[in-house]
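The values are calculated or read from the model by the stated rules, or taken from the named source; none is laboratory data. Fair warning: this is a prediction, and the values are worked out from it, not measured in the lab. When we count neighbours, we look across all protein chains shown, and the Cβ atoms used for this are built from the backbone with ideal geometry, even at glycine. In case anyone asks, the SASA skips ligands and DNA or RNA and just uses the protein heavy atoms, side chains included. Shrake-Rupley method; radii C 1.70, N 1.55, O 1.52, S 1.80 Å.
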Amino acid sequence: MKLRLLLTIIIFGAEIAFAGRFDLPKENPQFSIQMPDNWEIGLNGDNVMARPANNSKVMISVFLVSGANDIEDAFAIATKEVSTTYRDVKIGKLSRQNQAGIDFFGGQGEGEKDGFELTLAVAAFTCDGKRFFGLAWARDEVGGDAITKDIDRALGSIQPFKETLKPPK
């Protein structure tokens, strides 16, 4: 499994990191997300994916959505993108919400990966109504409350980008 992850990172030229705050997109950031401590993070351009080192069925992914005209369109594109990794994706009741001035549209449901049924959520979000991002997370039942709390903290950390002051040298 670790070899497969390493090969994926090498092939896609992604960077790998552990936890931390990510300001996206890299060029002219619009929002920030704080990924869970001790999770492996894969960066590929304006896309970030995080997962616990010991559980390949759990993940949080944030990615740029291209070609969307509105948030509902972005959700449909994001769901289609997630469906390339997960089979039989079914998202339940859709809803809108606003968190820290960022509009979200999506829902929670289920999907299957490698023969495992997972709880899966997909959403689209926008800070300005012009650029759209996808958000997906998946968890298994084995991860339990600790994984659920990590995911909730990461999702709750999404906020409009604010430049951080760098300490003087």
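Looking only at the stretch 86-97, decide whether some residue is of a type in the set (Asp, Glu) and either touching a Phe, Trp or Tyr at 6+ places or on another chain (Cβ under 8 Å) or within 24 Å of GLY67 (Cβ to Cβ) (or both). No, the stretch 86-97 has no match at all.
Selection within the stretch 151-169: residues that are at pLDDT 95 or above and either closer than 13 Å to MET59 by Cα or among the aliphatic types (A, V, I, L, M) (or both). The member of this set that is most open to solvent (accessible area, probe 1.4 Å) is ASP152. Could you please find all residues in the stretch 37-51 being assigned to a strand (DSSP E or B) and open to solvent by 10 Å² or more (accessible area, probe 1.4 Å)? Listed by number, the residues that qualify are ASP37, ASN38, GLU40, GLY42, LEU43, ASN44, ASN47, MET49, ARG51. Apart from one condition, SER56 fits all of (1) in contact (Cβ under 8 Å) with a residue 40 or more places away in the chain; (2) buried (at least 19 other Cβ atoms within 10 Å of the Cβ); (3) out of contact with any Pro (no Cβ under 9 Å at 6 or more places or on another chain); the exception is (2). Note on the stretch 95-127: residues that are crowded, with 19+ Cβ neighbours inside 10 Å and either under 15 Å from the mean Cα position of the chain (by Cα) or charged (D, E, K, R) (or both) total 10.
In the stretch 133-154, how many residues are among the charged types (D, E, K, R) and on the phi > 0 side of the Ramachandran plot?
0
Residue-by-condition table, conditions (1) open to solvent by less than 40 Å² (accessible area, probe 1.4 Å); (2) not in a helix (DSSP H, G or I):
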site	(1), (2)
ALA68	yes, yes
ASP73	no, no
LYS80	no, no
GLY129	no, yes
ALA136	yes, yes
ALA146	no, no
